[in-house]
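The values are calculated or read from the model by the stated rules, or taken from the named source; none is laboratory data. Predicted, not measured: the structure shown is a model, and the values here were computed from it. As a convention, Cβ positions derive from the backbone with ideal geometry for all residues, glycine included, and neighbour counts pool all protein chains shown. We work out accessible area using only protein heavy atoms, side chains counted, and drop any ligands, DNA or RNA first. Shrake-Rupley method; radii C 1.70, N 1.55, O 1.52, S 1.80 Å.
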Amino acid sequence: MVLVGAPGTQILDLVGPFQIFTRAAELFATKRPSRAPIYRVEVVSTDRGRPILTNCGLALRAHYSYRQVEGRIDTLLVAGGNAIECGEVSAEAVQWLRDVARQTRRVGSVCTGALLLAEAGLLDGRKATTHWKYCDVLARGYPNIDVNPDPIFVRDGNVYTSAGVTAGMDLSLALVEEDHGAQLALEVARDFVLYLRRPGGQSQFSAALLMQAADRHLFRDLTAWALDNLTADLSVGALADRVSMSPRNFARVFAAEMRISPAMFVERLRVDVARRRLEESRHSLKRIAAESGFNTVATLRSAFQRQLGAPPGQYRQRFRRG
């Protein structure tokens, strides 16, 4: 297992996956101490020197420079960071990545590490994602890539790409599960007090994150209230009354600020809550529809089809926690 870091690496892109894989190896070893370690994790620098100065100023000592790597690599993940985003990784290091990927079982990236995979030609003709701020950059710079800005990670064949920062831990947990089963992945998640092991199909753009991004305290407060009152009347008229605006003006200002209509925003809030219930409980669809404000199962199904491209029953079957 090789994690590749460049100057200005986003530190969590690197140490998050590192901790996931090393902890998985430790937990596995407690059950089968006679077995060889399931992961040996090494950090490789794209510079000739081995120290990596991360974007927060901490220096990490890599195990090797890319020039010193020998032998076959099972899994290689490229962390995002400043040098990659600015196109400052050497052509020699890019060529090394291109060459070594041909002999590697699986290759992936965390955050803007996708830009380095793209520069090496490893994403041509594939589906991929990256941090939402850089999806347009990836799509414009590399038109042969099918960039999807929504999922937290994407698998296309043996190539994996993930969204920003903590999504690299979600991807790493998915790889642990792929290698050694769901139980070990969930034990690792529990050890790190991760709130939940998110499946790759979950969106980078949850309604809660949109709410936090609002510039106006007025809308942040309103949408926080809506999240706590999903079964209330959340029509445009009711929301407008709550902030003392006319429905027409409210709808116009909200859409300009949040880049989504009030009705679609409310639907997304309700879908976010419903999908969490589907993942974490055995409650009936009727109960989940009522608790998330959809009132009927038919309305819940329609919203899931619009937002997620799958009915709630299928979503639960695929993503419900064991």
Against the definition (touching a residue at least 60 places away in the same chain (Cβ under 8 Å) and open to solvent by less than 40 Å² (accessible area, probe 1.4 Å)), how does residue 164 come out, yes or no? yes
What number of residues within the stretch 54-101 are part of a helix (DSSP H, G or I) and within 24 Å of the chain's Cα centre (by Cα)? 6
List pairs: first residue in the stretch 226-251 and closer than 21 Å to residue 292 by Cα, second residue open to solvent by 40 Å² or more (accessible area, probe 1.4 Å) and assigned to a loop (DSSP other than H, G, I, E, B) anywhere in the structure, Cβ distance under 6 angstrom, at least six positions apart or on different chains. none
When the stretch 103-153 is examined, which residues are found to be under 15 Å from residue 87 (Cα atoms), outside any loop (DSSP other than H, G, I, E, B) and either touching a Ser or Thr at 6+ places or on another chain (Cβ under 6 Å) or open to solvent by 30 Å² or more (accessible area, probe 1.4 Å) (or both)? 114, 117, 119, 134, 137, 138, 140, 141
In the stretch 261-322, which helices (runs of 4 or more DSSP H) lie fully inside it and hold 2 or more residues that are touching a helix residue (DSSP H, G or I) at 6+ places or on another chain (Cβ under 8 Å), modelled with pLDDT of 90 or more and closer than 30 Å to residue 240 by Cβ? 262-280, 285-291, 297-308
Flag for residue 123 being aliphatic (A, V, I, L, M), at pLDDT 90 or above and over 16 Å from residue 13 (Cβ atoms): yes
Just checking, which of 263, 290 is small (Gly, Ala, Ser), out of contact with any Leu (no Cβ under 7 Å at 6 or more places or on another chain) and under 15 Å from residue 226 (Cβ atoms)? 263
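Quick grid of which residues meet (1) more than 25 Å from residue 170 (Cβ to Cβ); (2) open to solvent by less than 30 Å² (accessible area, probe 1.4 Å); (3) in contact with a strand residue (DSSP E or B) (Cβ under 7 Å, 6 or more places away or on another chain):
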residue: 11; (1), (2), (3): no, no, no
residue: 25; (1), (2), (3): no, yes, no
residue: 29; (1), (2), (3): no, no, no
residue: 42; (1), (2), (3): no, no, yes
residue: 54; (1), (2), (3): no, yes, yes
residue: 64; (1), (2), (3): yes, no, yes
Could you run through the stretch 264-322 and say how many residues are of a type in the set (Ser, Thr, Tyr), farther than 25 Å from residue 185 by Cβ and either within 19 Å of the chain's Cα centre (by Cα) or open to solvent by less than 10 Å² (accessible area, probe 1.4 Å) (or both)? 1
For the stretch 68-80, does any single residue satisfy the condition of being out of contact with any Cys (no Cβ under 6 Å at 6 or more places or on another chain), surrounded by 13 or more Cβ atoms within 10 Å (Cβ to Cβ), modelled with pLDDT under 95 and within 26 Å of residue 158 (Cα to Cα)? yes
Listed residues 177, 92; which is open to solvent by 30 Å² or more (accessible area, probe 1.4 Å), out of contact with any Asp or Glu (no Cβ under 7 Å at 6 or more places or on another chain) and at pLDDT below 95? 177
Qualifying position, being out of contact with any Gly (no Cβ under 7 Å at 6 or more places or on another chain) and either within 25 Å of residue 167 (Cα to Cα) or small (Gly, Ala, Ser) (or both), among 78, 100: 100
Name the residue that is modelled with the highest pLDDT, counting only residues in the stretch 215-248 that are touching an Asp or Glu at 6+ places or on another chain (Cβ under 8 Å) and buried (at least 17 other Cβ atoms within 10 Å of the Cβ). 230
